[in-house]
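Visitor: My questions all concern the structure below.
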């Protein structure tokens, strides 16, 4: 029971943090390209790589990985913003958003894992 | 009746709450404003949700990003006779903590009495109809657009209201409702002769039409420059500041440098650092230039509806802003300019401007 309350709280913090980071980055960039979501997803992938590499126990992993990072990163927003770019005929940006997220995301996850290995 | 009226327009963020000193949790500003228009039985008012904007604080709101669209821009326009609107202005200003309040002169046309549109180069005709209202078997907004297109108007766009009043009655959009009478706003630009003919036909076709006419200057159409905005002095004879408004009608389908024109325009104005603000509204149906009236379809990959970018600034900055607009509308779009006789920009305790109307003949 306590664990699920923990998931609730960690998930809530993840969601609020995403909102703050995404908003801050997007506002600063003030461009059509969704830099905010990209920043959130890349940093989330790096964090998840790091946490995965640390081999936490079952409960800690549930709280940190699934609840916190899971609600911090967002697949749905990535898809929605890509679709919005394409409906405004910004196909280059839409494709760049897909490719950059995948390439940088995998690199970030690897980097996180590598850092965890060095600790 | 063809009376001199005032149009009160406010621009602000949708999540903004009313300024009060008593309520523990004040309601939303947009709601309170419409409540006020309802109790005063304002002839017509409509609340529109924008897709992008920035104001004096240069904070960008845009529906391109999920986080930045959480507090979208709204604009509420209310039109009624001068005395009624004048009585409302102070209350509207008092309830707003951040935003822009403007007053413009318009004429409300309620029947087919002689309409005096003057000898101006262009006229902006605004028609208000209910969402599900029908004229001659067609949805009213489509019928009106067809009519405007037939009369050769330069452009016409239908904007979806989410709340408003019509003939003094409040109509608010709800999720589980047909929203029959929730107002739509149709903005169109034509010559005085075209407007006269369209008004005659509209008043005959619709039972209780709500129409307003305003004087504008047609600056550009489809890349062709007709005239730059009037170069107005900074103040009138009584030292009341003058303001100007540019309306840039473009299509989602036309782009500049890979971006839709309205997106590029907002970015350029924001980057210019000095522009006071801009608001972009996306229409649901309309036409621009020679294209037939059209909307978006449920299943389509790209948008093609008309959008309008509204820019309000001092005469000096409108002259500079027009150069940016001119560059971005090299091939497409309709650009109009008009005088705004009263603007009040509100940023917390700072109130800049005057709600007393300036008077200037140009």
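The values are calculated or read from the model by the stated rules, or taken from the named source; none is laboratory data. Since this is a predicted model, take the numbers as computed values, not measurements. Cβ coordinates were reconstructed from backbone atoms using ideal geometry, including for glycine residues, and neighbour counts include every protein chain displayed.
One line per residue, one yes/no per condition, for (1) within 14 Å of chain A (Cβ to nearest Cβ); (2) over 30 Å from residue A:18 (Cβ atoms); (3) in contact (Cβ under 8 Å) with a residue 24 or more places away in the chain:
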{"site": "B:30", "(1), (2), (3)": "no, no, yes"}
{"site": "B:42", "(1), (2), (3)": "no, yes, yes"}
{"site": "B:54", "(1), (2), (3)": "yes, no, yes"}
{"site": "B:60", "(1), (2), (3)": "yes, no, yes"}
{"site": "B:64", "(1), (2), (3)": "yes, no, yes"}
{"site": "B:70", "(1), (2), (3)": "yes, no, yes"}
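Visitor: Closer than 30 Å to residue B:59 by Cβ and part of a helix (DSSP H, G or I): which single residue out of A:3, A:17 fits that description?
Guide: Working: A:3 fails: closer than 30 Å to residue B:59 by Cβ.
Being closer than 30 Å to residue B:59 by Cβ and part of a helix (DSSP H, G or I) holds for just one of A:3, A:17, which is A:17.
Visitor: I'm checking my understanding of the structure. Among residues of the stretch B:109-133 that are out of contact with any helix residue (DSSP H, G or I) (no Cβ under 6 Å at 6 or more places or on another chain) and modelled with pLDDT of 85 or more, which one is nearest to residue B:227 (Cα to Cα)?
Guide: B:122
Visitor: Looking at the stretch A:104-115, is at least one residue crowded, with 18+ Cβ neighbours inside 10 Å and without any contact (Cβ under 8 Å) to a residue 40 or more places away in the chain?
Guide: no
Visitor: Limited to the stretch B:287-336, what total is found for residues that are under 20 Å from residue B:185 (Cβ atoms) and part of a strand (DSSP E or B)?
Guide: 14
Visitor: Go through the stretch B:330-362 and report how many residues are without any contact (Cβ under 8 Å) to a residue 60 or more places away in the chain and touching a strand residue (DSSP E or B) at 6+ places or on another chain (Cβ under 6 Å).
Guide: So the first thing to find is which residues in the stretch B:330-362 are without any contact (Cβ under 8 Å) to a residue 60 or more places away in the chain, and the list is B:349-350, B:352, B:361.
From what's left, touching a strand residue (DSSP E or B) at 6+ places or on another chain (Cβ under 6 Å): B:352.
Matching residues across the stretch B:330-362 total 1.
Visitor: To continue, here is another question. Of B:268, B:276, B:303, which residue is under 20 Å from the mean Cα position of the chain (by Cα) and either within 25 Å of residue A:31 (Cβ to Cβ) or surrounded by fewer than 24 Cβ atoms within 10 Å (Cβ to Cβ) (or both)? Working first, answer last.
Guide: Numbers: B:268 fails: under 20 Å from the mean Cα position of the chain (by Cα); B:303 fails: under 20 Å from the mean Cα position of the chain (by Cα).
After applying the criteria, what remains is B:276.
Visitor: Tell me, please, whether a residue that is under 23 Å from residue B:239 (Cβ atoms), surrounded by 21 or more Cβ atoms within 10 Å (Cβ to Cβ) and touching a residue at least 24 places away in the same chain (Cβ under 8 Å) can be found in the stretch B:318-329.
Guide: yes
Visitor: Determine whether residue B:262 is in contact with a strand residue (DSSP E or B) (Cβ under 8 Å, 6 or more places away or on another chain), assigned to a helix (DSSP H, G or I) and free of Cβ contacts under 8 Å to residues at least 12 places away in the same chain.
Guide: Values: in contact with a strand residue (DSSP E or B) (Cβ under 8 Å, 6 or more places away or on another chain): yes; assigned to a helix (DSSP H, G or I): yes; free of Cβ contacts under 8 Å to residues at least 12 places away in the same chain: no.
No, not satisfied.
Visitor: Further, regarding this structure: Report yes if residue B:254 is within 14 Å of chain A (Cβ to nearest Cβ) and either out of contact with any strand residue (DSSP E or B) (no Cβ under 6 Å at 6 or more places or on another chain) or in contact (Cβ under 8 Å) with a residue 60 or more places away in the chain (or both), otherwise no.
Guide: Details: within 14 Å of chain A (Cβ to nearest Cβ): yes; either out of contact with any strand residue (DSSP E or B) (no Cβ under 6 Å at 6 or more places or on another chain) or in contact (Cβ under 8 Å) with a residue 60 or more places away in the chain (or both): yes.
The answer is yes for residue B:254.
Visitor: Right, another one. Can you pull out the residues in the stretch B:279-300 that are more than 18 Å from the chain's Cα centre (by Cα) and surrounded by 14 or more Cβ atoms within 10 Å (Cβ to Cβ)? It would help to see each step written out before you state the result.
Guide: To start, the set of residues in the stretch B:279-300 that are more than 18 Å from the chain's Cα centre (by Cα) comprises B:289-300.
Hits for the stretch B:279-300 are B:289, B:291, B:293, B:294, B:295, B:296.
Visitor: Sticking with this structure for a sec: How many residues are within 14 Å of chain B (Cβ to nearest Cβ) and either in a helix (DSSP H, G or I) or closer than 30 Å to residue A:55 by Cβ (or both) when one looks only at the stretch A:73-119? Full working, then the answer.
Guide: The first filter runs over the stretch A:73-119 and keeps only residues within 14 Å of chain B (Cβ to nearest Cβ), leaving A:73-97.
Of the ones still in play, those that are also either in a helix (DSSP H, G or I) or closer than 30 Å to residue A:55 by Cβ (or both) are A:73-87, A:91-97.
Counting residues in the stretch A:73-119 that are within 14 Å of chain B (Cβ to nearest Cβ) and either in a helix (DSSP H, G or I) or closer than 30 Å to residue A:55 by Cβ (or both) gives 22.
Visitor: Criterion first (touching a strand residue (DSSP E or B) at 6+ places or on another chain (Cβ under 6 Å) and crowded, with 21+ Cβ neighbours inside 10 Å) does residue B:143 satisfy it? It would help to see each step written out before you state the result.
Guide: Details: touching a strand residue (DSSP E or B) at 6+ places or on another chain (Cβ under 6 Å): yes; crowded, with 21+ Cβ neighbours inside 10 Å: no.
For residue B:143, the condition - touching a strand residue (DSSP E or B) at 6+ places or on another chain (Cβ under 6 Å) and crowded, with 21+ Cβ neighbours inside 10 Å - is not met.
Visitor: Could you please find all residues in the stretch B:270-299 being in contact with a helix residue (DSSP H, G or I) (Cβ under 8 Å, 6 or more places away or on another chain) and within 11 Å of chain A (Cβ to nearest Cβ)?
Guide: none
Visitor: Just to be sure I understand, how many residues within the stretch A:28-71 are more than 14 Å from chain B (Cβ to nearest Cβ), outside any helix (DSSP H, G or I) and buried (at least 20 other Cβ atoms within 10 Å of the Cβ)?
Guide: Here the count works out to 0.
Visitor: Within the stretch B:223-240, is even one residue in contact with a strand residue (DSSP E or B) (Cβ under 6 Å, 6 or more places away or on another chain), in a loop (DSSP other than H, G, I, E, B) and within 14 Å of chain A (Cβ to nearest Cβ)?
Guide: No, because not a single residue in the stretch B:223-240 is in contact with a strand residue (DSSP E or B) (Cβ under 6 Å, 6 or more places away or on another chain), in a loop (DSSP other than H, G, I, E, B) and within 14 Å of chain A (Cβ to nearest Cβ).
Visitor: Looking only at the stretch B:141-157, count how many residues are part of a helix (DSSP H, G or I) and over 21 Å from the mean Cα position of the chain (by Cα). Steps first, please.
Guide: If we filter the stretch B:141-157 for residues that are part of a helix (DSSP H, G or I), which is where we start, we get B:141-150.
Filter once more, so that each one left must be over 21 Å from the mean Cα position of the chain (by Cα): B:150.
Total meeting the criteria: 1.
Visitor: Turning to a different aspect of this structure: Go through the stretch B:52-76 and give me each residue that's touching a helix residue (DSSP H, G or I) at 6+ places or on another chain (Cβ under 9 Å) and part of a loop (DSSP other than H, G, I, E, B). Give the steps one after another, and end with the answer.
Guide: Let us first name the residues in the stretch B:52-76 that are touching a helix residue (DSSP H, G or I) at 6+ places or on another chain (Cβ under 9 Å), namely B:52-54, B:58-68, B:70, B:74, B:76.
Selection gives B:58, B:59, B:60, B:63, B:64, B:65, B:66, B:70.
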